[in-house]
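Asker: Quick one: the structure is below, questions incoming.
The values are calculated or read from the model by the stated rules, or taken from the named source; none is laboratory data. Just so you know, these numbers come straight off a predicted model, no measurement behind them. Here the Cβ is made from the backbone with ideal geometry for all residues, glycine too, and neighbour counts use every protein chain on show. Each accessible area value is taken on the protein alone, full model and side chains, heavy atoms only, with ligands, DNA and RNA left out. Shrake-Rupley method; radii C 1.70, N 1.55, O 1.52, S 1.80 Å.
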Amino acid sequence: MNIQHSTFSRLTSSILQIGAIALMLAGNLSYGQNKILTQELQVENDNDAYTLNLTRDQYYSNGIALRYRALMDTTKKSARVAKVIRSYDLNHRIYSPRHLWWENVEDMDRPYAGQITLAASNEYYYNNRAFLKAKFEAGLMGPSLHTGDLQYEWHKAFGMQLPLGWDYEINDAPILNAYGTYAKELWSEDIMSL
């Protein structure tokens, strides 16, 4: 694989690692228990390597999300709404075939893909023990993101199998997603609810 942007990839990887460590350390600061917190910052990371099998990297391979959530003022909302939480997300995801190495391109069961998205959502918690979430996401996927360079450098740094096939990555394309979730408690007892 021809790595044209290895400096960019190393810099991006270093920034992400330093940022993750700083946020983990900041998360250990404690506040008084009597203060109601109305905002939070979340950092989420998924990776196949966390299974401790460094030879496996398949399908949804890696993801990093930075999320800001805030409790909204519901005093002017309907009396049915107990609380509303608004979220904004920045996501980076990597998708790869089942096997990172193969002899013929026909053996690749899905193309590589990297994507970056921004998302906004509202979560509505109702007094009748119902929940509604609406989320909208927009972003970009494709070679212009240089996700292949990032994955290659990451695998190289940790002595993992180097990925082949980023030349067959899905072309640049926009991403638009909408999600909805509704849940309602049907039955409840002291120790259990359904």
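Asker: Select, from ILE170, ILE191, the only residue that is open to solvent by 40 Å² or more (accessible area, probe 1.4 Å), part of a loop (DSSP other than H, G, I, E, B), at pLDDT below 95 and within 17 Å of TYR60 (Cβ to Cβ).
Answerer: Numbers: ILE191 fails: within 17 Å of TYR60 (Cβ to Cβ).
Just a single option satisfies the conditions, and that option is ILE170.
Asker: A follow-up question, please. Which condition number does GLY148 fail, the rest of (1) open to solvent by 70 Å² or more (accessible area, probe 1.4 Å); (2) of a type in the set (Gly, Ala, Ser); (3) in contact (Cβ under 8 Å) with a residue 60 or more places away in the chain being met?
Answerer: For GLY148, the exception is condition (1).
Asker: Hey, another quick one. I'd like the full set of residues that are crowded, with 16+ Cβ neighbours inside 10 Å and among the hydrophobic types (A, V, I, L, M, F, W, C), limited to the range 128-137. Give the derivation first.
Answerer: Of the residues in the range 128-137, the ones crowded, with 16+ Cβ neighbours inside 10 Å are 132-133, 135, 137.
LEU132 - this is the single residue of the range 128-137 that is crowded, with 16+ Cβ neighbours inside 10 Å and among the hydrophobic types (A, V, I, L, M, F, W, C).
Asker: Further question on the same structure: Can you name the number of the only condition in (1) open to solvent by less than 50 Å² (accessible area, probe 1.4 Å); (2) in contact (Cβ under 8 Å) with a residue 40 or more places away in the chain that TYR125 fails?
Answerer: Evaluating TYR125 over (1) open to solvent by less than 50 Å² (accessible area, probe 1.4 Å); (2) in contact (Cβ under 8 Å) with a residue 40 or more places away in the chain leaves (1) as the failure.
Asker: Inspect all residues belonging to the range 66-87 and state whether any of them is modelled with pLDDT of 95 or more, farther than 30 Å from SER193 by Cα and surrounded by 16 or more Cβ atoms within 10 Å (Cβ to Cβ).
Answerer: Looking through the range 66-87, at least one residue is modelled with pLDDT of 95 or more, farther than 30 Å from SER193 by Cα and surrounded by 16 or more Cβ atoms within 10 Å (Cβ to Cβ).
Asker: Sort out which residues of the range 34-51 are modelled with pLDDT under 80 and farther than 23 Å from HIS92 by Cβ, and write them in order of number.
Answerer: Residues satisfying the conditions are ASN34, LYS35, ILE36.
Asker: Take the residues in the range 99-122 that are open to solvent by 50 Å² or more (accessible area, probe 1.4 Å) and part of a strand (DSSP E or B); name whichever of them is farthest from TYR182 (Cα to Cα).
Answerer: Once the filter is applied, the top-ranked residue is ILE116.
Asker: Now, a different point. Which condition number in (1) touching a strand residue (DSSP E or B) at 6+ places or on another chain (Cβ under 7 Å); (2) exposed (fewer than 14 other Cβ atoms within 10 Å of the Cβ); (3) at pLDDT below 75 is the one that MET1 fails?
Answerer: Failed condition: (1).
Asker: Looking at the range 173-188 only, could you name the residues that are out of contact with any Gly (no Cβ under 9 Å at 6 or more places or on another chain) and either open to solvent by 100 Å² or more (accessible area, probe 1.4 Å) or within 28 Å of GLU103 (Cα to Cα) (or both)?
Answerer: Step one: list which residues in the range 173-188 are out of contact with any Gly (no Cβ under 9 Å at 6 or more places or on another chain), which gives 178-188.
Answer for the range 173-188, where residues must be out of contact with any Gly (no Cβ under 9 Å at 6 or more places or on another chain) and either open to solvent by 100 Å² or more (accessible area, probe 1.4 Å) or within 28 Å of GLU103 (Cα to Cα) (or both): TYR179, TYR182, LEU186, TRP187.
Asker: Can you list residue pairs whose Cβ atoms sit under 7 Å apart, with the first residue in the range 93-114 being more than 24 Å from GLY139 (Cα to Cα) and the second being modelled with pLDDT of 85 or more? Count only pairs 6 or more apart in sequence or on different chains.
Answerer: Between residues of the range 93-114 that are more than 24 Å from GLY139 (Cα to Cα) and residues that are modelled with pLDDT of 85 or more, the close pairs are VAL105/TYR168; MET108/TYR168.
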